[in-house]
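Each remark here refers to the structure printed beneath this line.
Any read-out appearing in this document is the output of simple, stated calculations on the displayed coordinates, not a laboratory observation. What you see is a predicted model, and the numbers here were worked out from it, not measured in a lab. Using ideal geometry, Cβ is built from the backbone for each residue, glycine included, and neighbour counts are taken over all protein chains shown.
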């Protein structure tokens, strides 16, 4: 039997076993145990380089890559990303503090989010971050009131994302609540033009998550160009055009309405467009639109597309029952809904001569929603067999919870094949100590 392609850049079949970044999965498990997350340093670096190449911009544009910290914020992981020369987009105070401690320059950090408290904004000002992204007129007033004293705070106004929402998944549809409408933007620009305590830095747009339509970014750039023209009417000159994140992880399966329609009606495999296609669309859109001369920086905020396929989740089968495999991993560790996206699993030992069939995968909690995959093609599995969840780097550990489980450890497989701890395994004593501190 020919083994199916893994569809994952760092997972390959070799000698009838599965290897991750050159190391046999069985060898990894001997050190990590299960369940455990393993990040690949080589994949992180390759993904960062891919962004630089895919978004090569025409003069006078300069690309700024700001990692979306909420995606995965393990401190040692942040240190590695800082050393790569990335900037950072943070969404709350603890992300801000972690990012600065990890070595990011305050000038390379900006605060993002729709609803900050005064304390968070003051902390950002005191830290010297590059600017604060503002999502509403109420937040602009809050930021202005916090920006007292000698330091002038810079702000970036976020627009409501353009385009038709029915074509996209539920996450992108609900993202419609973010950003300012044209009327709200006009009021915010008028407010800024009369206030000297904040400086207009630029404009941004939030595109959603796992966006699979490259042309959506062409629409975003059109909207930004028109908004900069409007800002000029109020005498405001910015520097940065921010098209946000949302760039897809190529190995994450889609369960959006559009993805299902492609499969059922068009008999399409629904492949994710490569990042180069997004870059090409963006370059052409920048050349085709007129921006004020002072707008020279294009900001992108990748999160999932940087770290999603840079990690796997190692797990074992603990029970087999009526077409279901029960695992020692849980949906608690990968909280994103199956209605948003599906992650594939591969066997540590494929059983080359045995027929593969579709199986459903469940976590071990007594929770009806603890389902990790449906209809996953695998060889016959027994208790103790190792499985590998692909695309486990984004919105997993940063959103993991303790419902009848404790958060598993995480490791970094470095560039020379050595495993280094990122997060130790949580144990019951951690919870007990927390309760005793009360």
Simple spin-label estimate for residue 138/residue 406, 7 Å along Cα→Cβ, in nm, reads 4.0
Expected unfolding gain across residue 186-residue 119 under the 0.36 nm per residue rule, minus the alpha-carbon gap, is 21.4 nm
Quick calc: nm separation of the 7 Å Cα→Cβ label points for residue 52 and residue 432 -> 4.9
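When a footprinting reagent is the concern and you count Cβ atoms within 10 Å, what order do 18, 419, 192 take, fewest first?
Ascending number of Cβ neighbours within 10 Å: 419, 192, 18.
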Calculated from DSSP helices alone, with each H run of at least 4 adding -39500 (n - 2.57) and the total divided by the residues of the chain, [θ]222 nm to the nearest 500 comes to -9000 deg cm²/dmol
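Just to verify a number: FRET efficiency for residue 126 and residue 377, C-beta to C-beta distance, R0 = 41 Å, to 0.05?
Computed FRET efficiency for residue 126 and residue 377: 0.15.
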Kirkwood radius from Cα pairs of the chain plugged into Stokes-Einstein at 4 °C, 1.567 mPa s, gives D in µm²/s equal to 56
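What full-extension length gain, to one decimal in nm, is calculated for residue 284 and residue 194 as 0.36 nm per residue of separation minus the Cα-Cα distance?
Using 0.36 nm per residue and subtracting the Cα-Cα distance, I get 28.9 nm.
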So the angle from the long Cα axis of helix 215-233 to the longest Cα principal axis of the chain, reported in degrees to the nearest 10, equals 20
Of 35-41, 425-431, ordering from highest average Cβ density within 10 Å down gives 35-41, 425-431
As a percent rounded to 5, the proportion of antiparallel DSSP bridges among beta bridges in the chain is 45
In whole angstrom, the spacing between the Cα centers of the stretch 109-147 and the stretch 288-364 equals 33
In degrees, nearest 10, the alpha-carbon axis of helix 137-146 is tilted away from the dominant principal axis of the alpha carbons of the chain by 80
Final fewest-first order of 144, 365 on the 10 Å Cβ neighbour count is 365, 144
Residue 320 and residue 177 label points (each 7 Å along its Cα→Cβ direction) are spaced in nm at 4.5
If 325, 286 are placed from fewest to most neighbouring beta carbons inside 10 Å, the sequence is 286, 325
